[in-house]
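Just so you know, all these numbers are worked out from the coordinates, no wet-lab data involved. Every value quoted in this text rests on a predicted model; they were computed, and no experiment measured them. Because the Cβ atoms are built from the backbone with ideal geometry, glycine has one as well, and the counts that use them run over all protein chains shown.
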Amino acid sequence: MTREVFLKPSRTMTKYSFDMSIAYYNKKETSNHTYKNVYNKVIEKVLDHIHIYTDASKTDKGVGVAAVIQ
């Protein structure tokens, strides 16, 4: 699945896409090996793009958020 988001007015439109294909795999039922294979297939297609990785978690004690841009 790929999602496209436009963040600027149409006269200066920049196209952003997000590959969410790995989200189709259930964490509890998918091995690390499978995740790595799917990830590598996605990355092979977009080597010349900017990669942005995000993660977040929430507990009773607080919230944590991270983002990495490569």
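Numbers below:
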quantity	calculated
Estimated FRET transfer efficiency (Thr59, Ser17; beta-carbon r; R0 30 Å; 0.05)	0.40
Charge context of Ala66, other residues only, Cβ under 14 angstrom, K/R +1, D/E -1	0
